[in-house]
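Please read the structure below before turning to the comments.
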Amino acid sequence: MNTKNHALLYHGKAKSVYKTDDPEIVIVKFRDDITAGDGEKKDTLSAKGHLNSIISAKFFEILEAADIKTQYIKLLEPGVMLSHRLDMIPLEVITRNIAAGSLLRKFPFKDKQEFDPPIIQMDYKSDEFHDPMINDDIAVALGFVTREELNEIRRITLKINQVLKIFLLEKGIIFPDFKIEFGKNHKGEIILGDEISPDSCRFWDSKTCEVLDKDLFRKGETGVMDAYLEVASRILDDNEKEKWDIKLV
Ligand code: UDP
């Protein structure tokens, strides 16, 4: 699809958002760009945009089936998602089932320590301020959300964690942590936006704990796209794999 005919609304680190004729509907283009370490490490990985859009679409469909409202309307083609327009809330909502990553660098948790109930952490999404951890009082004082909206965000996030954790385990994948973002639609409802993909989640093989996500890129290892393909291959059913031409295992 040629996005040249559409006005650009937003250009992020890995996705671009374009206008459509309908002011409440946008096109989200998943690009092949990948970044890590506050944007310091950058690369382009062929097929990443296609895979992440297909993986995100699958997760959004599963969540919609569980009565969770998402931005997702449909995948027009690999890499191109038709979505409801949202005013995004600048919070990175991180859910942790198992200790990994920055949590271990910042706090004295044990590696792979399990959390039940899960930990919900919020970071302020800002390149200028380097995504600092935020609390409810600061988020409210900055005018990002009300306390009621924070409660709603936590409620939806815990449900998303529960639904996806169970789904992934059936596919042989552990779900240590993930980051999601919410926005508000024209009615003021809190809706899940952004993406759910190996760029924004940790996925580990449930038998071997093999890493199947962006941590491979963060650590400079090879096989990043093989891992993303493996995730797509495990979570899609045969019809979906054929439709999107996912070839593996
Ligand atoms: N995450 C993300 N974007 C960010 C920061 C974190 O998508 O800007 C995701 C990350 O992929 C992981 C989870 O949020 O699944 C927790 O990340 P963590 O705080 O451990 O940071 P990291 O160690 O990845 O820098």
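Check whether at least one residue in region 104-124 is under 20 Å from Lys214 (Cβ atoms), open to solvent by 20 Å² or more (accessible area, probe 1.4 Å), within 16 Å of the ligand (Cβ to nearest atom) and within 16 Å of the chain's Cα centre (by Cα), and report yes or no. The answer is no; no qualifying residue exists. Residues considered: Gly12, Gly39. Of these, the only one that is touching a residue at least 12 places away in the same chain (Cβ under 8 Å) and surrounded by fewer than 18 Cβ atoms within 10 Å (Cβ to Cβ) is Gly39.
Total residues in region 125-149 satisfying the condition of being basic (Lys, Arg) and within 13 Å of the ligand (Cβ to nearest atom): the figure is 1.
Every test in (1) surrounded by fewer than 20 Cβ atoms within 10 Å (Cβ to Cβ); (2) more than 13 Å from the ligand (Cβ to nearest atom); (3) part of a helix (DSSP H, G or I); (4) hydrophobic (A, V, I, L, M, F, W, C) is passed by Cys209 save one, and that test is (3).
If the condition is being exposed (fewer than 11 other Cβ atoms within 10 Å of the Cβ) and in a helix (DSSP H, G or I), then region 212-249 contributes Asp238, Asn239.
Answer yes or no: is there a residue in region 64-72 that is free of Cβ contacts under 8 Å to residues at least 24 places away in the same chain, part of a strand (DSSP E or B), farther than 28 Å from Cys209 by Cα and away from the ligand (no atom under 15 Å from the Cβ). Yes - at least one qualifying residue is present in region 64-72. Note on region 184-206: residues that are within 16 Å of the ligand (Cβ to nearest atom) and not in a loop (DSSP other than H, G, I, E, B) amount to 6.
The values are calculated or read from the model by the stated rules, or taken from the named source; none is laboratory data. As the structure is a prediction and not an experimental result, all values here were calculated from the model. Glycine also receives a Cβ, built like all others from the backbone with ideal geometry; neighbour counts cover every protein chain displayed. Ligands, DNA and RNA are stripped out before the accessible areas are found, and what is left, the full protein with its side chains, is counted by its heavy atoms. Shrake-Rupley method; radii C 1.70, N 1.55, O 1.52, S 1.80 Å.
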